[in-house]
Amino acid sequence: AQGGPLAGKHVLVTSGPTHEPIDPVRYIANRSSGKQGHAIARAAAALGADVTLVTGPVALADPAGINVVHIETAQEMAQAVANALPADVAIFAAAVADWRTTAQKQAKIKKSAGGKPQLELTENPDILAGVGNRTEGRPTLVIGFAAETENVVAEATRKRQTKGADWIVANDVSPARGVFGGDGNTVHLVTAHGVEDWPTLSKDEVAARLMAHIADHFNSKASV
Ligand code: C5P
């Protein structure tokens, strides 16, 4: 039996990019190393939670003691998240590709001299919004990320509402911040009560601080 402030809690985390195949050798993806999501999964396990990590393709090892589900596409991620529920906490740190091609080619698309290649795209499901706006089986805490370069807090506040999230971790991904692939992160925690500006921290520190907030949330609920 494991102790810790999140013992007995199931924490679901999405991490990494999704890859949307164009043909057998090419894909569409957003930038994401998975470092922040994986750090969150490790921090949850360190507090005693049962953790499910649904991850796209990343260059990181599977964290020890965590149930890791590997997927490639957004549709597979949505299915893996649905399969992993119920959860007490769901944290959506994945950089899900916004679009996928309507028809994946079974053979490699050939370069044609002078031709303009055409791709027909369709929007992927919003996995966070699907869980956040659930009326049944919604996790107690639904937490999203918002990677922004401008109006960071305003955008995060809007996403908190439209996606049905309790909290949004807004991260400033302006190129000067070096967030993508780097080890540091400058975030703002947007909740129903307002905005907390956090100093620039390592991704491990952001994860630990977020997890401490989550533990506090459950403790203060338990005491009232
Ligand atoms: O709208 P945007 O992509 O900026 O929202 C980011 C948040 O929504 C992140 O928490 C991300 O993991 C989640 N998301 C998702 N499914 C999508 C797009 C975004 O879960 N298709």
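Here is how the numbers come out for the structure above:
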read-out: Which listed residue, of A129, A78, A103, A90, is touching a strand residue (DSSP E or B) at 6+ places or on another chain (Cβ under 6 Å) and touching a residue at least 12 places away in the same chain (Cβ under 8 Å); value: A90
read-out: Residues of segment 71-87 that turn out to be more than 29 Å from E120 (Cβ to Cβ) and either at pLDDT below 95 or not in a helix (DSSP H, G or I) (or both), as a count; value: 3
read-out: Residue list for segment 1-31, filter: open to solvent by 40 Å² or more (accessible area, probe 1.4 Å), in contact (Cβ under 8 Å) with a residue 60 or more places away in the chain and polar (S, T, N, Q); value: N30
read-out: Meets criteria (farther than 17 Å from V142 by Cα, within 16 Å of the ligand (Cβ to nearest atom), open to solvent by 30 Å² or more (accessible area, probe 1.4 Å) and assigned to a strand (DSSP E or B)) for V58; value: no
read-out: Residues satisfying the stated conditions in segment 192-222, i.e. touching a Lys or Arg at 6+ places or on another chain (Cβ under 9 Å), surrounded by 16 or more Cβ atoms within 10 Å (Cβ to Cβ) and more than 13 Å from A44 (Cβ to Cβ); value: W198, L201, K203
read-out: Tally, over segment 154-186, of residues that are within 12 Å of the ligand (Cβ to nearest atom) and among the β-branched types (V, I, T); value: 4
read-out: Qualifying residues in segment 142-153 (those that are under 21 Å from S15 (Cα atoms) and surrounded by fewer than 19 Cβ atoms within 10 Å (Cβ to Cβ)) - the one farthest from the ligand (Cβ to nearest atom); value: T149
read-out: Selection status of V81, more than 11 Å from the ligand (Cβ to nearest atom) and touching a helix residue (DSSP H, G or I) at 6+ places or on another chain (Cβ under 8 Å); value: no
read-out: Residue among P139, P63 that is within 16 Å of the ligand (Cβ to nearest atom), open to solvent by less than 20 Å² (accessible area, probe 1.4 Å), under 28 Å from S202 (Cα atoms) and in a loop (DSSP other than H, G, I, E, B); value: P139
read-out: Identity of the residue in segment 100-124, open to solvent by less than 60 Å² (accessible area, probe 1.4 Å) and not in a loop (DSSP other than H, G, I, E, B), that ends up nearest to the ligand (Cβ to nearest atom); value: R100
read-out: Pairs, first closer than 23 Å to P57 by Cβ in segment 175-198, second open to solvent by less than 30 Å² (accessible area, probe 1.4 Å) and among the aromatic types (F, W, Y), C-beta under 9 Å, six or more apart; value: N185/W198
read-out: Every pair of residues 6+ apart whose Cβ atoms lie under 7 Å, when the first sits in segment 135-158 and is of a type in the set (G, A, S) while the second is open to solvent by 50 Å² or more (accessible area, probe 1.4 Å) and part of a loop (DSSP other than H, G, I, E, B); value: G137/P86
read-out: Candidates A90, A97 - the one that is modelled with pLDDT of 95 or more, under 18 Å from G16 (Cα atoms), in a loop (DSSP other than H, G, I, E, B) and among the aliphatic types (A, V, I, L, M); value: A97
read-out: Filter result for A208 (at pLDDT 95 or above and out of contact with any strand residue (DSSP E or B) (no Cβ under 8 Å at 6 or more places or on another chain)); value: yes
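The values are calculated or read from the model by the stated rules, or taken from the named source; none is laboratory data. All of these numbers come straight from a predicted model, not from anything done at the bench. As a convention, Cβ positions derive from the backbone with ideal geometry for all residues, glycine included, and neighbour counts pool all protein chains shown. These accessible areas exclude ligands, DNA and RNA; they are computed on the full protein's heavy atoms, side chains included. Shrake-Rupley method; radii C 1.70, N 1.55, O 1.52, S 1.80 Å.
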